[in-house]
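Written out below as structure tokens is the structure these notes cover.
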Amino acid sequence: QVQLVESGGGLVQAGGSLRLSCVASGRTFSGVSMGWFRQDPGKEREFVAGISWSGSSTKYAASMKGRSTISRGNAKNTVYLQMNSLKPEDTAVYYCAAGSSSYVRLDPVDYDYWGQGTQVTVSS
């Protein structure tokens, strides 16, 4: 059974930082990219950041570029999202996902497996 488990969400003041973690288990994730998405109630799930299988390629949403860093652990089945200078508009449920290819995709439909999400709330 495939599982992606996120952690690290919480309540933080504007300007603060959070580091999200995601651990994937249940199958080998060799050769696939991983990504972070977020979703507010009533809105579509949106791409935040993604990283290729090798870790050599990363992509960020314009809203997060310069404020966040995505990375993979040595075991490749872990992915992290460091978020700095957080803003109230960053408040959302953040999801980790495993892609269907080795390179980064921005569309949620290109991701096969999803975590349950972790809440990030940024107060003003």
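The values are calculated or read from the model by the stated rules, or taken from the named source; none is laboratory data. What you are looking at is a predicted structure, and each value in this text was computed from that prediction instead of being measured. Backbone-built Cβ (ideal geometry, glycine too); neighbour counts: all protein chains shown. When the accessible area is computed, the model is the full protein with side chains, heavy atoms only, and any ligands, DNA or RNA have been set aside. Shrake-Rupley method; radii C 1.70, N 1.55, O 1.52, S 1.80 Å.
Summary table
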quantity	calculated
Residues of segment 70-110 with amide N under 19 Å of a point placed 7 Å along Cα→Cβ from Gln13	83-91
Electrostatic dipole magnitude of the chain [Cβ: Lys, Arg +1; Asp, Glu -1; Cα centre; debye, to 20]	320
DSSP-loop GluC sites (Glu not before Pro) across segment 17-110, with at most 11 other Cβ within 10 angstrom	Glu44
Contact order relative to length of the chain, as percent, for alpha carbon pairs under 8 angstrom and 6 or more apart	36
Label zone at Ser85, where the point sits 7 Å out along the Cα-to-Cβ direction: segment 23-49 residues whose backbone N lies under 18 Å	48-49
25 Å Cα-Cα reach of Lys87 towards lysines, excluding residues that sit fewer than 8 places from it in its own chain	Lys43, Lys59, Lys65
Accessible area (Å², per residue) of the chain, counting only protein heavy atoms and a probe of 1.4 Å	49
Choice from Gly99, Gly16, Gly55 with maximal GNM fluctuation in the chain (Cα, 10 Å cutoff)	Gly16
Mean Cα-pair separation over length for segment 50-102, i.e. relative contact order, pairs under 8 Å, 6 or more apart, %	28
Per-q log10 I(q)/I(0), segment 6-124, q = 0.16, 0.17 Å⁻¹ (Debye; single scatterer per alpha-carbon; no solvent)	-0.66, -0.75
Percent carbon-and-sulfur accessible area, the chain, ignoring ligands, DNA and RNA, probe 1.4 Å	47
Accessible area (Å², 1.4 Å probe, nearest 10) - Ser100	70
Residues of type aspartates and glutamates that Lys76 reaches as a straight line, Cα spacing below 20 Å, ignoring anything fewer than 8 places off in the same chain	Glu6, Asp110, Asp112
